[in-house]
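In what follows, a structure is listed as structure tokens, so that the remarks can point back to it.
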2 protein chains.
Amino acid sequence: MATAKQLAKMVNGVNVDNLFTTIDAIKAAPSIAKFNFRIENRWEGAGQNRSAVNTFHGAGQEISRQKSFILHADEPPVLLGDDSAANPIEYLLHSLAACLTTSMVYHAAARGIEIEEVESSFEGDIDLHGFLDLDPKVRKGYQGIRATFKVKADVPDERLQEIVELGTGHSPVFDSLTKGVPVAVKAERL
Amino acid sequence: MATAKQLAKMVNGVNVDNLFTTIDAIKAAPSIAKFNFRIENRWEGAGQNRSAVNTFHGAGQEISRQKSFILHADEPPVLLGDDSAANPIEYLLHSLAACLTTSMVYHAAARGIEIEEVESSFEGDIDLHGFLDLDPKVRKGYQGIRATFKVKADVPDERLQEIVELGTGHSPVFDSLTKGVPVAVKAERL
């Protein structure tokens with residue numbers, strides 16, 4: 001019984017009791033579902049810059065981490081950088097992979113589906129004719145992204161596809177990137 | 001004269017001669033403008049996962065870094081994680097900030113506009129009613145993102161706005177995120 005109780009609470013490393021407690025809390029007080037995430041970025045010359053990630057608003061409160069997470073970006077030499085960090089468009093693939101993985105794992109946990117391992121690979125195509133203003137018909141951004149999820153779970157083949165669709169059906173980054181997000185940008189003097 | 005020559009070559013830390021050499025090379029052989037970026041991600045339990053960033057295709061060749069960049073993702077406790085790293089949706093803001101900054105700085109360099117400092121702040125709103133399937137009218141992703149760029153440059157006020165628009169007008173991540181990108185996801189058994 002102790003084992004059964006433990007399995008019911010923790011699935012895929014996720015505390016499912018807390019997940020359902022969160023859902024009940026949001027039903028009782030809808031405003032606690034509103035989250036606001038932030039970063040601060042500083043240019044460090046050429047293709048290098050650095051973001052500090054710390055506070056956010058969520059669950060009805062301002063939340064601070066004990067220390068900021070620092071994310072560095074650069075470009076490889078062929079894109080005129082020093083190759084000291086991943087570049088922005090690689091960070092976008094990481095953001096997408098991470099969000100699809102977490103969304104899949106959390107929603108599988110809520111349904112009691114145990115997942116043993118997940119690996120994924122992502123690739124995206126960009127044609128620099130866009131960025132360099134060499135052809136107005138070529139977009140600046142990714143023309144398309146392809147991903148493969150490899151999942152180890154004791155489920156029949158048809159459930160495997162359903163598990164991956166728990167990710168694509170719920171991921172905030174997948175939704176943002178595939179459907180687009182309005183981004184307002186203001187300029188000020190420093 | 002030596003100083004003038006040096007200024008002409010390096011603007012904002014960007015080797016402008018190399019930038020124009022790249023543009024000429026693409027005009028001569030358009031296929032070298034096609035870039036393909038990739039990452040590999042692995043789930044590490046609950047809200048934790050890790051991407052390895054290394055090879056890409058660009059400038060007509062396969063390019064490997066000396067070692068992979070490792071990007072870790074997690075969630076804060078209020079989102080059932082251990083808070084060991086930034087979360088996926090914070091990585092998305094970093095990707096956007098980094099790409100807008102680099103795009104602005106490179107395109108300013110190409111126009112001979114010297115920029116002294118750049119700082120930016122980004123914030124985005126998410127309502128978990130979407131992610132948690134509590135309200136089908138609420139999207140899973142960001143409802144909107146707001147950014148402020150603070151730029152130090154010896155230019156009149158009206159040029160400041162133009163400088164920031166060099167970023168929004170050219171950034172691959174801004175273009176991808178505001179207009180949307182098709183993402184194809186395959187499921188396989190591990």
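When only residues in the range A:65-120 that are among the charged types (D, E, K, R) and under 17 Å from residue B:98 (Cβ atoms) count, which is surrounded by the most Cβ atoms within 10 Å (Cβ to Cβ)? Before the answer, list the steps.
So in the range A:65-120, the residues among the charged types (D, E, K, R) come out as A:65, A:67, A:74-75, A:82-83, A:90, A:111, A:114, A:116-117, A:119.
Filter once more, keeping what is under 17 Å from residue B:98 (Cβ atoms): A:74-75, A:82-83, A:90.
Values: A:74: 23, A:75: 24, A:82: 14, A:83: 17, A:90: 26.
Taking the candidates together, the pick is A:90.
Only residues that are open to solvent by 10 Å² or more (accessible area, probe 1.4 Å) and either in contact with a helix residue (DSSP H, G or I) (Cβ under 9 Å, 6 or more places away or on another chain) or within 10 Å of chain B (Cβ to nearest Cβ) (or both): list them for the range A:22-34, please.
Passing the criteria: A:22, A:23, A:25, A:27, A:30, A:31, A:32, A:34.
Any residue in the range B:130-144 that is in a loop (DSSP other than H, G, I, E, B), surrounded by fewer than 22 Cβ atoms within 10 Å (Cβ to Cβ), within 7 Å of chain A (Cβ to nearest Cβ) and touching a Leu at 6+ places or on another chain (Cβ under 9 Å)?
yes
Any idea how many residues of the range B:40-70 are touching a residue at least 24 places away in the same chain (Cβ under 8 Å) and within 7 Å of another protein chain (Cβ to nearest Cβ)? Let's see the steps before the verdict.
Keep residues of the range B:40-70 that are touching a residue at least 24 places away in the same chain (Cβ under 8 Å), which gives B:46-49, B:58-60.
Checking which are within 7 Å of another protein chain (Cβ to nearest Cβ) leaves us with B:46-47, B:49, B:58-59.
Of the residues in the range B:40-70, 5 are touching a residue at least 24 places away in the same chain (Cβ under 8 Å) and within 7 Å of another protein chain (Cβ to nearest Cβ).
Any chance you could count how many residues in the range B:146-190 are assigned to a strand (DSSP E or B) and open to solvent by less than 60 Å² (accessible area, probe 1.4 Å)?
8
On the basis of being at pLDDT 95 or above, of a type outside the set (Phe, Trp, Tyr) and under 18 Å from residue B:96 (Cα atoms), does residue A:38 make the cut?
So residue A:38 passes the test.
For the range A:60-82, state whether one or more residues are within 21 Å of residue A:170 (Cβ to Cβ) and at pLDDT 95 or above.
Looking for residues that are within 21 Å of residue A:170 (Cβ to Cβ) and at pLDDT 95 or above, one finds none in the range A:60-82, hence no.
Given the conditions (1) over 15 Å from residue B:168 (Cα atoms); (2) more than 7 Å from chain A (Cβ to nearest Cβ), report the number of the one that residue B:107 does not fulfil.
So the condition that residue B:107 fails would be (1).
The values are calculated or read from the model by the stated rules, or taken from the named source; none is laboratory data. Nothing here was measured: the structure is a model prediction, and the numbers come from that model. Because the Cβ atoms are built from the backbone with ideal geometry, glycine has one as well, and the counts that use them run over all protein chains shown. For accessibility, only protein heavy atoms count, side chains too; no ligands or nucleic acids. Shrake-Rupley method; radii C 1.70, N 1.55, O 1.52, S 1.80 Å.
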